[in-house]
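Chemist: Sharing a structure with you now.
Computed from the coordinates by the stated procedures, all read-outs in this text should not be read as laboratory data. Everything quoted here is computed from the prediction, not taken from an experiment. Counting neighbours? That spans all protein chains shown, and the Cβs are built from the backbone with ideal geometry, glycine included.
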Amino acid sequence: MLGTIINCLAVIIGTIIGVTIGKVIFSEEMKQITIRSIGLLTILIGVQMFLSYPLSEMEFLVVLFSLVFGGIIGILLKIESNIDKLGEWFKGRAKSSESTFVEGFVVASIIFETGPLAILGAIKDGINQEIDLLLIKSGLDGIMSIVLSASMGIGVIFSVIPVFVYQGAITIISAIIGPQLSESVQGMVSVVGGVLILGLGLRVLEIKDIHVGDMTPSILIVIPFTIILESIQAII
């Protein structure tokens, strides 16, 4: 859990810097270009993650099924809607009048949760108590939180709550089942994460309002699907 705690502190510090200094330095035009830059970079990261693991034809189907079933589960659980409601609740508690408060919370939460470092870093922390990946993620998230909060406001800081719960849960679960996860499973997680990151980039750029939050269960769904595929291939 130490890696996740450091990660959350980095986001908090980055947000404070972004809100206090960023708002003074950034004009409205600069905020808009910053958001566009984040969107383009997010798309690039998503593509890079997707291409990081070569997929076979069957693995393509696994990714597809994971996205579909994960999205269905997300819709049934109303994840995106609940994230928005949570953001509105935090906005009310913080007594904020910022129009981008909820957007900042939602975008930051998804960015910080769907990347491969969130999954793999938490898994590594759970299995071997090694936090090197989460330290890297903390640095990246800290920088990203400065930019996001300068553009979208204080809502970004509240993303540490779902990040802490999400990564903490994965760390605890991986301490129990982590040793059984193969390299191919980890690779498939990165691929699905890349697709979600790409969808988030399109959303940030306002090209398509993809409900990435509803699709986040896909990252976990792909694990059993990949294990099943590996079992079938071993039998054949």
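Chemist: Given H placed on each backbone N at 1.01 Å, which residues far from residue 53 in sequence or on other chains put an amide H within less than 5 Å of it?
Modeler: Here the answer is none, since no amide H 5 or more places off falls under 5 Å of that of residue 53.
Chemist: With angles folded into 0 to 90 degrees, how steeply does helix 57-77 sit against the dominant principal axis of the chain? Use alpha carbons for both and round to 10.
Modeler: For helix 57-77, the angle is close to 50 degrees.
Chemist: Output the direction-averaged projected area (hull surface divided by four) of the convex hull of the alpha-carbon atoms of the chain, in nm².
Modeler: 12.5 nm²
Chemist: Specify the residue with the greatest mean-square fluctuation among 133, 200, 148, computed from a Gaussian network of the chain linking alpha-carbon atoms under 10 Å apart.
Modeler: 133
Chemist: Once every DSSP H run of n ≥ 4 in the chain is given -39500 (n - 2.57) and the sum is divided by its residues, what mean residue ellipticity at 222 nm do you get, rounded to the nearest 500 deg cm²/dmol?
Modeler: Rounded to the nearest 500, the figure is -26500 deg cm²/dmol.
Chemist: How would you order 69-81, 204-216 from highest to lowest mean count of nearby Cβ atoms within 10 Å?
Modeler: Going from most to least packed, we get 204-216, 69-81.
Chemist: What's the tally of Lys pairs in the stretch 2-235 whose alpha-carbon atoms lie under 29 angstrom apart, where the two lysines are 8 or more places apart or on different chains?
Modeler: So the count works out to 22.
Chemist: Could you give the length gained by full extension between residue 32 and residue 231, i.e. 0.36 nm per residue of separation minus their alpha carbon distance, to one decimal place?
Modeler: So the chain would gain 66.8 nm between residue 32 and residue 231.
Chemist: With axes computed from alpha carbons, what is the tilt in degrees of helix 79-94 against the longest principal axis of the chain, rounded to the nearest 10 within 0 to 90?
Modeler: Between helix and principal axis, roughly 30 degrees.
Chemist: May I ask for the angle, rounded to the nearest 10°, between helix 132-152 and the longest principal axis of the chain, with both axes built from Cα atoms and the value confined to 0 to 90°?
Modeler: 40 degrees
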